[in-house]
Amino acid sequence: MVGLNAILEPGMLVRHPDRPDWGVGQVQSNISGKVTVNFREQGKVVIESARIDLIPVIDP
C-alpha cells in the first residue's frame with residue numbers, strides 16, 4: 001500500500017501525528033521510503049514512511 005507520504009516533496013510542510021510539540025516541519029528529501037524533515041522545534045528527523053504517515057500542512 002502506498003501512503004500519502006509518497007507524494008511529499010522537498011519544500012512541503014508537514015506535521016508529525018504523534019509529536020505535535022515538534023511544530024511544523026519542512027520536507028528536505030523523500031528517498032526510498034525515508035522522509036527527512038526539518039521540524040521547527042525538533043530539528044532534522046528521518047521518518048520511515050512505512051511506520052508514520054505525516055500530515056501535510058496546507059495553511060500553516
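FYI, it's all coordinate maths here, none of it is from the lab. Note that the coordinates shown come from a computational prediction; the quantities given were computed from them, not determined experimentally. We place every Cβ from the backbone using ideal geometry, glycine too, and count neighbours over all the protein chains shown.
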Length gained if A6 through S29 is fully extended, taking 0.36 nm per residue and subtracting the Cα-Cα distance, is 7.2 nm
Computed over the chain, the relative contact order (Cα-Cα under 8 Å, seq sep at least six) in percent reads 36 percent
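Determine the sum of side-chain charges near R40: Lys and Arg each +1, Asp and Glu each -1, restricted to other residues whose C-beta is under 15 angstrom from that of R40.
+1
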All alpha-carbon distances of the chain, grouped into 10 Å bins from 0, give the whole-percent distribution 26, 62, 12, 0
Neighbours of I52 by Cβ distance under 13 Å: Lys/Arg at +1, Asp/Glu at -1, summed charge +1
